[in-house]
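S.K.: So that we are looking at the same thing, I have put the structure below in structure tokens.
Each reported figure results from applying straightforward, stated rules to the coordinates on display, with no laboratory input. Nothing here was measured: the structure is a model prediction, and the numbers come from that model. Neighbour counts are summed over all protein chains in view; Cβ atoms, including those assigned to glycine, are modelled from backbone coordinates with ideal geometry.
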Amino acid sequence: MRKIVITLVLLAAGSTISLAQCDKKIKMTSSQTQYLDANGNVERTVDENDTFEISPSNVKIVVNGNDAMSGTISSNTCDWKVPFKEGKTIINTRLEDQSGDVKEAVLTIEGKDGKVTLLAQLVSMPDKKIRIAIEKFEELTENTSK
């Protein structure tokens, strides 16, 4: 009986840790963007500095120091066994670019074997995807966010 109670306590603690990260404001950076076809084959690779700031309600994308897109999150599924090393977040969002053009998008952040990638797909362009290998991850606090 004691083993069962200890196991349940450990499971509850682990669940709380993985859910707690989902409510945080984070910043992820990368230096390369891959454009994929419908089959997941790389069509082209571009060296650029990408930054993704994600809060529980908003997404902001900065490319080479310029604001590219931002938007609100309409839904978010978050399940991480080890925070930002093993797990997945799926974000449905409406992104608006600098010209005011709005696109529905799905952002999938996935960690496998300690490597984190972000896969972006516009709902209006299901045959095109963008894959980004995340090189740096940090949690933002009120003092570190801009």
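S.K.: Lysines within cross-link reach of Lys85: Cα-Cα under 25 Å, excluding same-chain residues under 8 positions apart?
M.R.: Lys24, Lys25, Lys27, Lys60, Lys112, Lys115, Lys129, Lys136
S.K.: At 37 °C and 0.692 mPa s, what whole-number value in µm²/s does Stokes-Einstein give for the translational diffusion of the range 2-140, with Rh from the Kirkwood sum over Cα pairs?
M.R.: So the translational diffusion coefficient is about 206 µm²/s.
S.K.: For the range 101-109, take each phi angle, set θ = phi - 60°, evaluate the Karplus expression 6.51 cos²θ - 1.76 cosθ + 1.60, and give the result in whole Hz per residue in order, putting x for glycine and proline.
M.R.: Here the 3J(HN,Hα) series is 6, 10, 9, 6, 9, 10, 10, 10, 9 Hz.
S.K.: Lys85's amide H: which non-local residues (gap 5+, or another chain) put their own amide H closer than 5 Å, with H modeled 1.01 Å from N in plane and none for Pro or chain starts?
M.R.: Here nothing satisfies the definition.
S.K.: May I pose another question? Quick one: order Glu104, Glu86 by neighbouring beta-carbon count within 10 Å, fewest to most. Mind dumping the intermediate values first?
M.R.: Working: Glu104 14, Glu86 17.
Taking fewest neighbouring Cβ atoms as first place, the list is Glu104, Glu86.
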